[in-house]
Amino acid sequence: MGGVRETISVVTLTIDDCLAWLPRPTLLKVDIEGAEFQALSSATELLSAPYPTLICEVAGANAERVTDLLRSAGFRLYDPSRPNPLAREIEVATPDTIAIHDDNAALYH
């Protein structure tokens, strides 16, 4: 019972790799089951101007690191589960986080 039955090799790409052949997103949903910090920390091109708005599911174990990463890139964090979610920033990323860059904040207020 259990154990490894088969190993399959797959090609993986960073988000920045995808920017070479896909249009730059204005909105990006990140839902990758606990790997959000790894994905976002290698997305330096994505997290630079022009800035996308991010909707990110953040695992509790990654909350502090994702918060620090996004804040250091100039993003404000919001919790969409709260009433009027863009009225107040949150201190730490939540399981559902909206991240809006300071340069785009006027678009949402």
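The values are calculated or read from the model by the stated rules, or taken from the named source; none is laboratory data. Computed from a prediction, not measured in an experiment: that's the story for all the values here. Virtual Cβ from ideal backbone geometry, glycine too; neighbours counted across all protein chains shown. Please note that ligands, DNA and RNA were not included when accessible areas were found on the heavy atoms of the full protein model with its side chains. Shrake-Rupley method; radii C 1.70, N 1.55, O 1.52, S 1.80 Å.
Looking at Ala49, Ala35, which one is modelled with pLDDT of 90 or more and loosely packed, with under 14 Cβ neighbours inside 10 Å?
Ala35
Would you call Ile100 farther than 19 Å from Leu47 by Cα and open to solvent by less than 10 Å² (accessible area, probe 1.4 Å)?
Judged against the criteria, Ile100 is not a match.
From the list Leu77, Leu69, which residue is under 16 Å from Asp16 (Cβ atoms) and crowded, with 18+ Cβ neighbours inside 10 Å?
From the options Leu77, Leu69, the qualifying one is Leu69.
When you check Tyr108 against the structure, is it surrounded by fewer than 15 Cβ atoms within 10 Å (Cβ to Cβ) and aromatic (Phe, Trp, Tyr), yes or no?
So Tyr108 fits the description; yes.
Taking the range 80-89 as the search range and keeping residues that are out of contact with any Ser or Thr (no Cβ under 8 Å at 6 or more places or on another chain) and over 13 Å from Ile100 (Cα atoms), which one is surrounded by the fewest Cβ atoms within 10 Å (Cβ to Cβ)?
Checking each candidate, the answer is Pro83.
Determine if the range 3-24 includes at least one residue that is under 25 Å from Tyr108 (Cα atoms), of a type outside the set (Asp, Glu) and open to solvent by 70 Å² or more (accessible area, probe 1.4 Å).
yes
Of all residues in the range 82-109, which are in a loop (DSSP other than H, G, I, E, B) and more than 22 Å from Glu64 (Cα to Cα)?
Pro83, Asn84, His109 - these are the residues of the range 82-109 that are in a loop (DSSP other than H, G, I, E, B) and more than 22 Å from Glu64 (Cα to Cα).
Which residue is most open to solvent (accessible area, probe 1.4 Å), if the candidates are limited to the range 52-66 and must be among the aliphatic types (A, V, I, L, M) and more than 17 Å from Tyr108 (Cβ to Cβ)?
Ala61
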